[in-house]
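The values are calculated or read from the model by the stated rules, or taken from the named source; none is laboratory data. Fair warning: this is a prediction, and the values are worked out from it, not measured in the lab. No Cβ is skipped: glycine too gets one built from the backbone with ideal geometry, and neighbour counts run over all protein chains shown. To get the accessible areas, we keep the full protein, side chains included, count just its heavy atoms, and leave off ligands, DNA and RNA. Shrake-Rupley method; radii C 1.70, N 1.55, O 1.52, S 1.80 Å.
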Amino acid sequence: MRLLPILAVASVLVLPAAGSATEVHWAAAHWMAPPASGPLVGPAACDLDADGDYDLAGIGGVWWNVGTPESPAWEYAEGGLQPPSDSWSRVAFGDVDGDGDPDMVAGYHGDGNLRFARNIGTPQAFVWQYEPPPFPAVPTVYGWPHLADFDADGDLDIMATHLGQGAAYLENVGTPAAPEWVISGSLGWGIIPPGSFPSMAPGDLDGDGDLDLVGQAQGYSYGVQAWENVGTAQEFLYVENPSLLIGVTEPQEGSLGVELLDIDADGDVDLLIAGWSWDGRFVYLNERITPVESKSWGAIKSMYR
């Protein structure tokens, strides 16, 4: 199994030194996205068959990567995740119980709570066993969960954006094999993009060892946004930084989900955006990182005073 190599975030607010902001440049590679032969809604990246490359799960089914880690080729399987009902919203994957295969957290339309499915199969062939959620209930109507190590302590925490432009943050205070999640407040703090259904994806955009965020909401006139973690890997502090997305030009009308994954196996995270229509799939490759002069960082900070 090869999950997204996420590095982490957590809790000491340290402002960056002058000149530490970065530019991240991206190159369009839309041909690497799944074709327009099936839906792509709420994509979540994970190596679901342990063959060394990323697959994409979304509402309705799974896009299996039948190519290579460097050059994906996609085949769609409707109903590939076999959810217990048609009321699930978005999913996230991670090895929650430390047994070496991906487990699943799902958002649901109905009661607004997250669901948990343990993988009792193998890394090569998942079998989901739905269990009572091991985390506290949070207000996540149309929830969009993400699993990542947000405090750099070696286990998976949960970020869940939801209808109403909010985000819940559940910190794992247990261990990788015996998780224990507690509500640790809102991750949003004003950073959630506008629109009814915000999609946020964590990943190390600038290669500095902590998690940044990329987001885009469903709805018209909402472009892609990025927030740089200017704190530490142990304590996140997010500031919007448009320079993290140089070269990302579309879509500007909102999306059906964003995801970060190393789609070309070159060691950095790339950006996948699911557009409104089936033929609106966008892939941007992370090309290079360039330090920005300190005066540029000062200009960015001044916008948020």
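Annotations for the structure displayed:
- Subset of the stretch 181-228 [part of a loop (DSSP other than H, G, I, E, B) and at pLDDT 90 or above]: 204, 205, 206, 207, 208, 209, 210, 211
- Selection of the stretch 234-250 for residues being in a loop (DSSP other than H, G, I, E, B) and surrounded by 20 or more Cβ atoms within 10 Å (Cβ to Cβ) yields 236, 241, 248.
- Among residues of the stretch 41-68 being of a type in the set (A, V, I, L, M, F, W, C) and open to solvent by 10 Å² or more (accessible area, probe 1.4 Å), the one that is nearest to residue 278 (Cα to Cα) is 41.
- Pair list, Cβ under 9 Å, 6 or more apart: the stretch 39-57 residue more than 19 Å from residue 257 (Cα to Cα), other residue assigned to a loop (DSSP other than H, G, I, E, B) and of a type in the set (S, T, N, Q): 49/124; 50/122; 50/124; 51/124; 52/68; 53/68
- Residue list for the stretch 253-284, filter: part of a strand (DSSP E or B) and closer than 15 Å to residue 27 by Cβ: 270, 271, 272, 273, 282, 283, 284
- For the stretch 251-279, the tally of residues that are open to solvent by 10 Å² or more (accessible area, probe 1.4 Å) and more than 15 Å from the chain's Cα centre (by Cα) stands at 10.
- Where a residue in the stretch 186-214 is among the basic types (Lys, Arg) and its partner, wherever it lies, is buried (at least 24 other Cβ atoms within 10 Å of the Cβ) and at pLDDT 90 or above, with Cβ under 7 Å and at least six apart: none
- Filtered residues of the stretch 69-121 (kept if assigned to a loop (DSSP other than H, G, I, E, B), closer than 21 Å to residue 170 by Cβ, at pLDDT 90 or above and open to solvent by less than 20 Å² (accessible area, probe 1.4 Å)): 96, 102
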